[in-house]
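One structure below.
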Number of protein chains: 2
Amino acid sequence: MALRHAVLAALLAGDSSDGDDSGEYSGYQLAKAFDIGVANFWHALPQQLYAELAKLEKEGLVAGRHVVQETRPNKRMFRVTRAGLAEFEAFAAAAPKASFIRDDLMVKVQAADSVDTGPVIEQLEEQAALAEAKIELFGKVLRKMRGELDEEEFLRRGDRIGPYLTCLRGLAHERENRDWGLRVAAVLRERRTDEAR
Amino acid sequence: MALRHAVLAALLAGDSSDGDDSGEYSGYQLAKAFDIGVANFWHALPQQLYAELAKLEKEGLVAGRHVVQETRPNKRMFRVTRAGLAEFEAFAAAAPKASFIRDDLMVKVQAADSVDTGPVIEQLEEQAALAEAKIELFGKVLRKMRGELDEEEFLRRGDRIGPYLTCLRGLAHERENRDWGLRVAAVLRERRTDEAR
DNA sequence: TCATCATAGTCAAGAAACTGAGTAATCAGA
DNA sequence: TCTGATTACTCAGTTTCTTGACTATGATGA
């Protein structure tokens with residue numbers, strides 16, 4: 001029972017970029033949100049989200065309302081109930097579980113001394129390129145979130161700083177991803193050419 | 001089937017700090033290794049490791065040998081077989097799965113605008129302190145791994161650079177952890193005092 | 001006009017991971 | 001001498017996650 005809190009957090013922090021009432025998402029929108037912002041600290045597939053929303057609704061932690069649409073399939077919009085907020089408060093006050101990571105590329109690098117590093121080098125460089133793209137994306141997202149304020153000002157007086165702060169972390173993480181990837185690729189490359197002599 | 005590769009990587013990169021033959025670990029030692037080095041990119045509990053070793057042995061990817069001890073309970077030492085290495089090579093050459101993260105604290109920060117930030121601030125500061133301790137630890141581990149060489153030299157000519165490189169990443173990650181944690185704690189603290197006025 | 005993308009979901013099987021407990025011996029310190 | 005830590009591992013039950021479908025409709029672009 002941990003995904004539930006990520007879902008509640010996503011709903012609570014729900015953006016209002018569409019002009020909709022904030023804090024309300026359909027399952028589909030939630031899946032989108034998980035793809036961009038929430039992915040910085042939680043990974044989940046759409047099917048899981050739909051399932052989790054159903055569970056949360058049954059327990060009264062979120063409330064769904066049907067929205068009939070003409071040009072699009074109908075949908076259900078979910079918001080956090082008072083009980084849901086209470087549940088989240090309790091979670092926020094409790095000791096956090098240790099964060100955890102799973103990273104295929106690092107597994108490969110760990111064994112770099114025992115395997116052919118050729119493909120790994122390529123993957124590292126691809127990863128670095130992807131990270132670079134994300135860095136730019138995050139830059140834009142952050143600029144949009146803070147509007148015309150500069151970062152200091154925004155963090156002091158802006159509203160909705162939660163997603164901003166987690167996005168900052170995502171940005172830092174991607175920078176690290178890129179830098180480490182390039183560094184390791186360079187090191188492994190040099191050792192390959194040395195080896196070949 | 002993903003833990004298996006982390007286990008193989010750990011065995012392949014197995015340290016020889018005990019003077020033992022390298023690339024050989026007992027389940028218990030493996031669990032230790034997962035606690036320190038491997039934890040930088042893969043999280044797993046001892047029970048999972050024992051189970052995975054059993055599976056890997058049944059499939060012939062690792063081979064175990066009994067070691068009778070007098071002062072301690074007997075144990076089984078595992079090493080990667082040729083088939084295991086082939087399996088790992090295939091994994092290393094295949095496209096990596098997207099890395100994934102789960103972080104309770106970031107979930108809490110995401111919803112910072114909707115909940116009481118008091119406990120979260122404390123947790124952030126605790127986390128920063130823990131990160132600081134890990135930073136120092138990693139510093140020592142790295143120094144030990146590279147011996148009397150400096151980093152450049154070691155990465156060019158040292159053997160067993162795999163664990164070193166992943167440890168570098170762990171170090172960078174912990175620094176980021178610490179810096180972000182302190183920054184966010186400071187921001188949230190200031191907003192609380194402002195709010196109280 | 002045809003294909004593909006985006007919206008908006010649902011379902012079920014199987015793999016993987018987590019929880020929590022238990023066993024048993026030795027050693028170090030109060 | 002008793003406690004707690006360390007070594008070494010096992011088992012069962014449950015939850016969670018992943019995989020790979022499948023259903024619809026409207027919009028977009030070639």
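The values are calculated or read from the model by the stated rules, or taken from the named source; none is laboratory data. Since this is a predicted model, take the numbers as computed values, not measurements. All Cβ positions, even for glycine, are placed from backbone atoms using ideal geometry, and neighbour counts span all protein chains on display. Ligands, DNA and RNA are excluded from the accessible area calculation, which covers all protein heavy atoms including side chains. Shrake-Rupley method; radii C 1.70, N 1.55, O 1.52, S 1.80 Å.
If the limit is 31 Å between Cα atoms, which of A:Lys55/A:Lys108; B:Lys75/B:Lys140; A:Lys108/B:Lys32 go over it? Going by Cα-Cα distance, A:Lys55/A:Lys108 fall outside the 31 Å limit. Name the shape class, rounded, prolate or oblate, that the alpha-carbon gyration tensor gives for region A:33-98, where a ≥ b ≥ c are the square roots of its eigenvalues, rounded holds for a/c under 1.5, and otherwise prolate holds if a/b is larger than b/c and oblate otherwise. Because a/c hits 1.5 or more and a/b fails to exceed b/c, region A:33-98 counts as oblate. Taking a ≥ b ≥ c as the square roots of the eigenvalues of the Cα gyration tensor, an a/c ratio of 1.5 or more together with a/b no larger than b/c marks region B:76-176 as oblate. The GluC sites (Glu not before Pro) of region B:123-188 that meet both conditions, a loop assignment by DSSP and at most 14 other Cβ atoms within 10 Å of the site Cβ, are B:Glu148. Simple point charges give the picture: +1 on the Cβ of Lys and Arg, -1 on the Cβ of Asp and Glu, and for the protein assembly as shown a dipole about the Cα centre of about 760 debye. Solvent exposure of region B:71-197, expressed per residue, is 53 Å² of accessible area, with all protein chains present and a 1.4 angstrom probe. Summing both sides, the accessible surface hidden between B and A at a 1.4 Å probe radius is close to 6600 Å².
Shielding by partners for peptide A:87-98, expressed as the average number of C-beta atoms from other protein chains within 10 Å of each residue's C-beta, is 6.
Normalising the average separation of contacting C-alpha pairs (under 8 angstrom, six or more residues apart) by the number of residues puts the relative contact order of region B:3-93 at 31 percent. The accessible-area loss of region B:22-48 on complex formation, taken against its chain alone with a 1.4 Å probe, reaches 40 Å² or more at B:Phe41, B:Trp42, B:His43. A dipole drawn for the protein assembly as shown from +1 and -1 charges on Cβ atoms has a positive end, and of A:Gly158, A:Leu85, A:Phe138 the residue lying farthest that way is A:Leu85.
At a 1.4 Å probe, what is the % contribution of carbon and sulfur to the accessible area of region A:1-141?
On the way: 3810 of 7100 Å².
Ligands and nucleic acids excluded, carbon and sulfur give 54 percent.
Out of every Cα-Cα pair in the protein assembly as shown, what percent are more than 28 Å apart? When all Cα pairs of the protein assembly as shown are counted, 53 percent exceed 28 Å. For chain A, the alpha-carbon coordinates run over 68, 44, 39 Å along the three principal axes, in decreasing order. Contact-buried residues of region B:157-171, at a threshold of 30 Å² lost accessible area versus the chain by itself: B:Ile161, B:Gly162, B:Leu165, B:Thr166, B:Arg169 (1.4 Å probe; DNA, RNA and ligands ignored). Rounded to the nearest 500, the helix-only mean residue ellipticity at 222 nm of chain A stands at -20500 deg cm²/dmol, with each DSSP H run of n ≥ 4 adding -39,500 (n - 2.57).
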